[in-house]
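To start, the structure under review is shown below, and the notes come after it.
The values are calculated or read from the model by the stated rules, or taken from the named source; none is laboratory data. Not measured: the values here are computed from a predicted model. When we count neighbours, we look across all protein chains shown, and the Cβ atoms used for this are built from the backbone with ideal geometry, even at glycine.
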Amino acid sequence: MISPTLPPSMLSALRRVMRPLVRLMLRKGVTYTMFADLLKEVFVDVAHREFRLDGTPPTDSRVSLLTGVHRKDVRRLRSEGGMELEALPANITLGAQLVNAWTPRPPFCSAPGQALALPRLASVGGEGSFDALVATVSTDIRGRVVLDEWLRLGIVRLDEQDRVHLQAQAFVPQNGFDEKAAYLGHNLHDHASAAVHNLSGQGLPFFERSVHYDALSPASVEHVREVVAKDGMQTLLAFSRLAAELENFDGPSAEQRQRITVGLYFYTEATDPELSKTPGP
């Protein structure tokens, strides 16, 4: 039963948002029953954490009223402990730090965003080697371990002269489903959180903008894709350099630290002929 106070546009938006996620689930064998169980956990957890009265956790009855989940299931799920949003895996966090150290300044790049091919060993390349790059971020992990993992993920390649080439200007695994899935969860969570915050109309809105066109030829789409990939990457790198500089400048403080996500995406698909603005012949 649909609440009479629920705007139809809300359900329409949710239905559209769910379609690509359901597509992924069907491809990966996640059934409706499995997803319904997962969704039940999320409903209970969000109600428990974010819908408190005067800071007091809601009772099982109130969580059941808010979510529509049976009180017996609410009690069971809460007794099992709340869900924790998982941080990005350690190899991804380390990878992002290393790329950020590789691309902004010498001796690892020729210009901001222009990563150099690095000799693999410190005995060959000294302070400008891949071993030295890894050491700038962590002295607990050997360069060879990172290199083997990055070769697996398609982040770097090794040439005949034993030099390590960065394949992308950001840590975006080309291989490795678990790593890609981790980024899916992180990026979609933050984008959705920004959009939900803006829709609530509470507080300063987050920047969230996009452009849409529906009558481009395939050749024009490819041209836009190339420009977005080139110019968009440079824009993100500029934001990354700014944030890194500010983070290094920020001194110790009693204020709680905050994280940020700045994203840019591109998507295309065939236009529905019924909706195309292009006039017929």
Open item on the list: I'd like the full set of residues that are out of contact with any Lys or Arg (no Cβ under 9 Å at 6 or more places or on another chain) and either of a type in the set (D, E, K, R) or assigned to a strand (DSSP E or B) (or both), limited to region 112-126.
Closed with: Q114, A115
Task: Unique residue being in contact with a Lys or Arg (Cβ under 8 Å, 6 or more places away or on another chain) and not hydrophobic (A, V, I, L, M, F, W, C) when the list is P58, P8 - done: P58
TODO: Scan region 145-160 for residues that are touching a residue at least 24 places away in the same chain (Cβ under 8 Å), more than 14 Å from D131 (Cα to Cα) and outside any helix (DSSP H, G or I) and jot them down.
DONE: I155, D159
Open item on the list: Looking only at region 194-216, count every residue that is acidic (D, E) and in contact (Cβ under 8 Å) with a residue 24 or more places away in the chain and tell me the total.
Closed with: 1
- [ ] List every residue pair whose Cβ atoms lie under 9 Å apart, where the two residues are 6 or more positions apart in sequence or sit on different chains, the first residue falls within region 6-33 and is closer than 25 Å to L199 by Cα, and the second residue, located anywhere, is part of a loop (DSSP other than H, G, I, E, B).
- [x] P8/I2; L11/I2; V22/V30
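Here's the yes/no breakdown for (1) under 20 Å from L237 (Cα atoms); (2) at pLDDT 85 or above; (3) under 27 Å from the mean Cα position of the chain (by Cα); (4) assigned by TED's automatic domain parsing to the domain that holds L39:
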site: R62; (1), (2), (3), (4): no, yes, no, yes
site: L66; (1), (2), (3), (4): no, yes, no, yes
site: G125; (1), (2), (3), (4): no, yes, no, no
site: G128; (1), (2), (3), (4): no, yes, no, no
site: A132; (1), (2), (3), (4): no, yes, no, no
site: V156; (1), (2), (3), (4): yes, yes, yes, no
